[in-house]
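Please read the structure below before turning to the comments.
None of the figures in this text is laboratory data; all of them are computed from the coordinates on show. Here the structure is a predicted model, which means the values were calculated and not measured. Cβ atoms come from the backbone with ideal geometry, glycine included; neighbour counts cover every protein chain shown.
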Amino acid sequence: MKKILLLALVLIAGAAFWLMQATQAPTHYGAAFGADVPQMQMKDLYADPDSHLAASIVVTGKITRQCPSSGCWFYLDDNSGKQVKIELGHMGIKFPQWLGKNVKVEGQLLKNKDELELVGTAAEFF
């Protein structure tokens with residue numbers, strides 16, 4: 001009986017350690033981030049989107065809405081009063097539902113009517 005309890009405690013401790021590591025380590029998808037790609041705030045993108053179209057940029061923020069079926073797109077909010085739609089579906093990866101999680105994304109900015117969309121080439125969830 002003591003061996004069973006000891007084994008159960010070891011398994012629980014191991015699972016807890018693994019869970020702590022999995023939730024703290026950033027999860028990276030896609031290519032490596034470019035060293036010279038500018039970090040932008042969304043308010044600056046909306047102020048002058050045409051000067052950033054088709055250029056590689058990096059944005060960081062919190063996920064506010066996400067594709068319910070595969071997580072391939074989401075809206076990113078950086079607390080500047082604006083949001084940008086992030087499209088990652090072309091990467092062919094099914095993403096978990098990470099509403100409220102922080103993410104850093106590199107990609108190219110597109111304009112879709114009045115909405116800005118970033119087609120990502122790299123994403124790191126943390």
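Whole-percent P(r), the chain, all Cα pairs, 10 Å bins from 0: 13, 39, 25, 10, 8, 4, 1.
Count Lys and Arg as plus one, Asp and Glu as minus one, and take only other residues whose Cβ is under 13 Å from that of G30; the net charge is then -2.
Using alpha carbons only, how many degrees (0 to 90, rounded to 10) separate the axis of helix 2-24 from the longest principal axis of the chain? Taking Cα atoms only, the helix is inclined about 10 degrees.
Under a no-solvent Debye model with one identical scatterer per Cα of region 60-109, what's log10 I(q)/I(0) at q = 0.17 Å⁻¹? Those come out to -0.45, one per q. One decimal place: the segment K113-L99 gains 2.5 nm when fully extended, by the rule 0.36 nm per residue minus the C-alpha distance. Compared with the direct C-alpha span, the chain from L5 to A47 gains 8.9 nm at full extension, assuming 0.36 nm per residue.
Total lysine pairs in the chain at Cα distances under 24 Å, for residues eight or more apart or on different chains: 24. Once the other residues with Cβ under 15 Å from the Cβ of K104 are scored (Lys, Arg +1; Asp, Glu -1), what is the net sum? Neighbour charge sum, excluding K104 itself: -2.
Across region 45-126, the mean sequence separation of Cα contacts (distance under 8 Å, 6 or more residues apart), normalised by length, yields a relative contact order of 32 percent.
Of the residues T121, L7, G61, the one whose Cα sits farthest towards the positive end of the charge dipole of the chain is L7 (charges of +1 on Lys and Arg Cβ, -1 on Asp and Glu Cβ, taken about the Cα centre). When each of the peptides 45-51, 10-16 is scored by the mean number of other C-beta atoms lying within 10 Å of its residues, the order from highest to lowest reads 45-51, 10-16. Packing, as the average of other Cβ atoms within 10 Å across residues, places the peptides 83-90, 29-36 in the order 83-90, 29-36, highest first.
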